[in-house]
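Everything on this sheet refers to the single structure shown next.
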Amino acid sequence: MGLARVADIVLKMTDNVFAVILAGGRGERFWPVGRASRPKQFVTLFGGKPLIRHAVERLEGLIPPERVLIITSRDLVPATREALPGVPEENILGEPQGRDTAAACALATAWVISRGGPEASLCILTADHLIADAPGFRTVLGGALTLVARRPVMSVIGIKPTMPATGYGYVKVKGPLRGADIPKGFRRVDRFVEKPNLGTAALYLASGDYWWNSGMFVWRADTFCDALEQFCPALSAMRKDLVPVFGTPAFTDKLARWYAGLEKISVDYAVMEKAENLVAIRGEFGWDDVGTWVSAGDHFARDPEGNAVHGLVRALASKSNTVVNAQEDHLVAIMGAEDLVIVHTPDATLVCTKEAADGLKALVKTIGSEPDLERFIR
């Protein structure tokens, strides 16, 4: 069965299909535009709308907003509601503390069970990535939702590597998953591997058996519950305890008590690297996690000298720079510059080499995401 046919199948089971968008983040990689109070998912540099709104809108025709859950931090709930006026307010949950993705996935699965029962299928998606081909994305996602509804497997969406990247985790795949009721293109997963060094990444790229781990997963609720029971007893207990209290006054306090004692661990480490019922489908829909200002430049207009620019910018005798001006009434002019990242906002300006841009978190740690300007005024 081809992936192109699965959208109709998924639409027929639409009452039992949900999407969960994980929207944490502290804004460090996109500083100074991204801040702790307005992290990357709220950046509007790409298409004039927040990345998190792109994440919801690309589901249109497959999963409606009333069956989309947003999990963010408690302090970001108001900003998330502002960014997503089409998503019901009760579908935006704030975590009391950051406990990484394993806790968020357990919370999400509990919420889905409270709405659709243990037979419901759900996808775990990201709030701050770009996807160029939304129809292609929905086709892949629909295929995965169809598969997990029929088989007790958990699916990861992998991305075909285009370079020996050292900033991504990888999934090693093996033989195809076969069956008359299985959409084409699914492979069995051999193992998850962590971020490699450059030499190892080059070997992965050459082999063709390693895909980037996009961080997007699909499973049926009861299948993931079985995995929690086996690998994460505390998260399993939390999931069972929370299902009956969603939408009640008891929910907030109960969630806070559970989160206070949870281990901070990703779902990759806690579940996916241990499970044996994993499959993967490769997504070729123009995925980009836009993880740095350098990669963001690929989505901005370029001048004849290769400068990627956004906003009011003028460049002379300069080439291969990424320049972002987030202040409408201000001109950023550069001359004689090469291979720099320059980002200007009303209260902070970043200048660094492209090579150094990957280490922006270290700079933000020293000055603070929301810098106290009095510290720097002499």
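The values are calculated or read from the model by the stated rules, or taken from the named source; none is laboratory data. Remember, it's a predicted structure, so these values are computed and weren't measured experimentally. With ideal geometry, Cβ positions are generated from the backbone for all residues, glycine too; neighbour counts draw on all protein chains shown. SASA here: full protein model, heavy atoms, side chains in, ligands and nucleic acids out. Shrake-Rupley method; radii C 1.70, N 1.55, O 1.52, S 1.80 Å.
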Inter-label distance, nm, simple model (7 Å from Cα along the C-beta direction), residue 81/residue 254: 2.2 nm
Rank 164, 175, 124 by how far each Cα sits towards the positive end of the charge dipole of segment 109-192 (+1 on Lys, Arg Cβ; -1 on Asp, Glu Cβ) and give me just the farthest. 175
Only helices counted: for the chain, with every DSSP H run of 4 or more residues adding -39500 (n - 2.57) and the sum spread over all residues, [θ] at 222 nm is -8500 deg cm²/dmol
Stretchable slack from residue 44 to residue 184, in nm (0.36 nm times residue separation minus alpha-carbon distance): 46.8 nm
Kindly report the accessible area of the chain per residue (heavy atoms of protein chains, probe 1.4 Å, no ligands, DNA or RNA), in Å². 45 Å²
What percent do you get for the relative contact order of the chain when only Cα pairs under 8 Å and 6+ apart count? 19 percent
Please give the length that would be gained between residue 288 and residue 365 if that part of the chain were fully extended, namely 0.36 nm times their separation in residues minus their C-alpha to C-alpha distance (nm, one decimal). 25.2 nm
Total charge of the residues flanking residue 289 in space, meaning their Cβ is under 11 Å from its Cβ, with Lys and Arg +1 and Asp and Glu -1, is 0
If I compute solvent accessible area with a 1.4 Å probe over the protein chains, what percent of it on the chain is carbon and sulfur? 51 percent
Going by alpha carbons, how many degrees (0 to 90, nearest 10) lie between the helix axis of 100-116 and the longest principal axis of the chain? 50 degrees
Could you point to the label whose value was computed as percent of Cα pairs over 41 Å apart for the structure here, given (1) 15; (2) 20; (3) 24? (1)
Compute the acute angle (0 to 90°) between the alpha-carbon long axis of helix 198-207 and the principal axis of greatest extent of the alpha-carbon atoms of the chain; round to the nearest 10°. 50 degrees
With +1 on each Lys and Arg Cβ and -1 on each Asp and Glu Cβ, and nothing else charged, work out how big the dipole of the chain is about its Cα centre, in Debye to the nearest 20. 760 debye
Filter on 195/361; 49/264; 174/274 - keep pairs with C-alpha separation over 23 Å: 49/264
